[in-house]
Amino acid sequence: MSYLFKNYAGIYDSFMKRFRLDTNEEILKHLGTVKGKKILDIGGGTGTLANLLQHKGADVTLVDPCQEMINQASRKNKHIHIYANTLQDLEGILKKNTFDRVILRDALHHIKNPEEIIALSREYLQAGGEILIWEFNGKQCIAKIIWCFELLCFEKCHRFSKDGLRKLCEKYFDEINFIAPSSFEMLYQGKKREQI
C-alpha cells in the first residue's frame, strides 16, 4: 500500500476537512433514500461516508486495501462490514448481484486497473443497481495540484477527464447523471447494464 495512506491515515480526515474535500451532500442527494439498501463502498478509506450511510439506515460494506485506513474506519463504526483488501481479493467472499449501490469516492484514480474495478462493480450490483463515482476532473488546476501532491507522496494515480470517465463506464453502465459538483470534481451515476 502507498506511503500516502499508510503514513497519513491518522490525519487523513482532518486534512480532507481542512481543504473541504470531504463533502458528501451531493452524493447523498444522488443516492436518494438509503435506509435498507446494501451499499458497497470501494476505497472507502477511513469510513467517513460509510459511517454516514450506516447511520442513515444502509447496510454498508467498506473495502479498502490499507490497514491503517481501515483501522480508522473500525473506530468510527462497528456496524460496517469492513475488509482490508482489494475488491479483486474478495472474489468468492463477497456475494455477487447483491448490492443496491456501489460507491467509489475519490478512489478510482488510485486503483491500478480502473476498468477491472468498474467491471467488477457491475458484477456485485443486483439488477437495476447503480454506481456512483466521485472523482477529480484531471483537466482542472486544483485537481492537478492534488494529483501532484499524491505523486510526491509516492502514490501512483490516474487522471480522468469527463469524457475519459464516461468512456470507462459506458460498456458496463447506462448513464443516469453526470454533474460537476465543483470546478474540479465530477460525479458519475450509472445504472447496471444487464447485457454487456
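For this structure, a couple of remarks:
- Cβ-derived FRET efficiency at R0 25 Å, Glu26 paired with Lys76, nearest 0.05: 0.75
- Relative contact order, percent, the range 74-196 [alpha-carbon distance under 8 Å, six or more residues apart]: 27
- Globularity index of the range 93-132 is 1.13 (Cα radius of gyration / 2.2 N^0.38 Å, N = number of residues).
- Distance violations [Cα-Cα > 31 Å] among Lys35/Lys156; Lys29/Lys139; Lys96/Lys139; Lys37/Lys156; Lys112/Lys162; Lys76/Lys156: Lys35/Lys156; Lys96/Lys139; Lys37/Lys156
- Neighbour-count ranking [beta-carbon atoms within 10 angstrom, fewest first] of Thr46, Thr23: Thr23, Thr46
Taken together, the values in this text are just the output of simple stated rules run on the coordinates, not laboratory data. As the structure is a computational prediction, the values presented were derived from the model and not from experiment. Cβ atoms come from the backbone with ideal geometry, glycine included; neighbour counts cover every protein chain shown.
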